[in-house]
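A short worksheet on the structure shown next.
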Amino acid sequence: MGFLGNAYPWVKAGHVIFVIFWMAGLFMLPRYLVYHQEAVPGSPEAEAWVDREAKIRRIILTPAIGLVWLFGLMLAINIGLTSGASGLGWLHAKLGLVVVLSGYHGWAVSYSKKLAAGKSPSLTGKQLRMLNEIPAILVTLVIILVIVRPF
């Protein structure tokens, strides 16, 4: 049962809910970056993308990533991550992928802020579109690890 006791299903539900919010934001922001980058710098369209990106960061991405990590670490500790429990190879791999997703999140937020500041983009629209697939691939692997628990 772990230290969470009867709160376990509620913490798990919170974790899943905020993973969904976080992934929605990670799917949207990179697409916003493509459209923002393709807008004429300083145009009303570009300014609208700056505003949209700031809102998605402030309203969805930042709160969601914090709560995903909080609830996720609570769940991981509850099942024995810090006590050396066996059979948690899947969890270690999941945490590694979530660290990578968190790094991607940081990169996307940083790129958004650079575009908002008027700095020249360092990637092409095609490259941004390709990078937009990273969260889908990583979350697919995370789900497989959680459901299948292959190791």
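The values are calculated or read from the model by the stated rules, or taken from the named source; none is laboratory data. Everything numeric in this text was worked out from a predicted model, so none of it was measured. No Cβ is skipped: glycine too gets one built from the backbone with ideal geometry, and neighbour counts run over all protein chains shown. For the accessible areas, the whole protein counts, side chains as well, though only heavy atoms, and no ligand, DNA or RNA atoms are used. Shrake-Rupley method; radii C 1.70, N 1.55, O 1.52, S 1.80 Å.
When only residues in region 127-145 that are of a type in the set (A, V, I, L, M, F, W, C) and under 14 Å from Pro30 (Cβ atoms) count, which is least open to solvent (accessible area, probe 1.4 Å)?
Leu128
Condition first: farther than 20 Å from Ala76 by Cβ, aliphatic (A, V, I, L, M) and not in a helix (DSSP H, G or I). Can you find one or more residues in region 133-143 that meet it?
no
Might you check whether a residue that is part of a helix (DSSP H, G or I), under 30 Å from Asn6 (Cα atoms), open to solvent by 40 Å² or more (accessible area, probe 1.4 Å) and not basic (Lys, Arg) occurs anywhere in region 114-126?
Checked region 114-126: no residue is part of a helix (DSSP H, G or I), under 30 Å from Asn6 (Cα atoms), open to solvent by 40 Å² or more (accessible area, probe 1.4 Å) and not basic (Lys, Arg).
May I ask you to verify whether Gly25 is under 18 Å from the mean Cα position of the chain (by Cα), among the small types (Gly, Ala, Ser), open to solvent by less than 20 Å² (accessible area, probe 1.4 Å) and within 13 Å of Ala108 (Cβ to Cβ)?
yes
Quickly run through region 70-91 and pick out the residues that are at positive phi and surrounded by 14 or more Cβ atoms within 10 Å (Cβ to Cβ).
Listed by number, the list holds a single entry, Gly80.
Return the only residue of Gly125, Gly80 being over 28 Å from Trp10 (Cα atoms) and touching a residue at least 60 places away in the same chain (Cβ under 8 Å).
The conditions single out Gly125.
Listed here are the residues, each with its yes/no results for (1) in contact (Cβ under 8 Å) with a residue 40 or more places away in the chain; (2) under 20 Å from Thr124 (Cβ atoms); (3) open to solvent by 40 Å² or more (accessible area, probe 1.4 Å).
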position: His15; (1), (2), (3): yes, no, no
position: Ile20; (1), (2), (3): no, no, yes
position: Val34; (1), (2), (3): yes, yes, no
position: Val40; (1), (2), (3): no, yes, yes
position: Pro44; (1), (2), (3): no, no, yes
position: Ala48; (1), (2), (3): no, no, no
position: Glu53; (1), (2), (3): yes, yes, no
position: Ile60; (1), (2), (3): no, no, yes
position: Val68; (1), (2), (3): yes, no, no
